[in-house]
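A short write-up of the structure that comes next.
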Amino acid sequence: MAISPEEIPNTLSAAAQAAPAWQAAGATVRFLISEPAAELTLDPQGALTEAEPTHVFGIRYADLDDLAAGRRTFLRTVTSRRVSARGPVMQTFAVGQALTTFALPR
């Protein structure tokens, strides 16, 4: 099932709000999603926000889906350069681990 760019912000927000690991990471993250293209920022509670981010993640939606489905680890995604991330390193890995707990629609 393909997702439209218009669906991505609400889909990621709902997934973040349902993931305790996202709240535990405590970061405000701007996502630069490609294929399909979307840009959004989530606060530490998973809500969409216009606040200045502490982190910026660039990732293809298919790679994000692979993370959430357990087909790839965050470390493997980073080392294979399937994601670009900027922000404090330890918190970046907490955010990355939180992404692996997201329940994305299939």
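Annotations
- Flag if ASP43 is over 21 Å from ARG106 (Cβ atoms) and either acidic (Asp, Glu) or touching a Cys at 6+ places or on another chain (Cβ under 8 Å) (or both): yes
- If you go through segment 1-40 and keep only what is among the β-branched types (Val, Ile, Thr) and either part of a strand (DSSP E or B) or farther than 20 Å from THR54 by Cα (or both), you end up with ILE3, ILE8, THR11, VAL29, ILE33.
- Residue list for segment 53-106, restricted to those being part of a helix (DSSP H, G or I), touching a residue at least 24 places away in the same chain (Cβ under 8 Å) and open to solvent by 70 Å² or more (accessible area, probe 1.4 Å): GLN97
- Annotation note: Cβ proximity below 6 Å between a residue of segment 9-25 that is farther than 12 Å from LEU40 by Cβ and a residue that is in a helix (DSSP H, G or I) and modelled with pLDDT under 95 (sequence gap 6+ or interchain) occurs for ALA19/ALA98; ALA21/ALA98; TRP22/ALA98; ALA25/ALA94; ALA25/VAL95; ALA25/ALA98.
- Identity of the residue in segment 28-52, more than 17 Å from GLU7 (Cβ to Cβ) and in contact with an Asp or Glu (Cβ under 9 Å, 6 or more places away or on another chain), that ends up surrounded by the most Cβ atoms within 10 Å (Cβ to Cβ): VAL29
- Matching option when the condition is modelled with pLDDT of 90 or more, out of contact with any helix residue (DSSP H, G or I) (no Cβ under 8 Å at 6 or more places or on another chain) and not acidic (Asp, Glu), among GLY58, GLY26: GLY58
The values are calculated or read from the model by the stated rules, or taken from the named source; none is laboratory data. Predicted, not measured: the structure shown is a model, and the values here were computed from it. With ideal geometry, Cβ positions are generated from the backbone for all residues, glycine too; neighbour counts draw on all protein chains shown. Note: accessible area is taken over every heavy atom of the protein model, side chains too, but ligands, DNA and RNA are not part of it. Shrake-Rupley method; radii C 1.70, N 1.55, O 1.52, S 1.80 Å.
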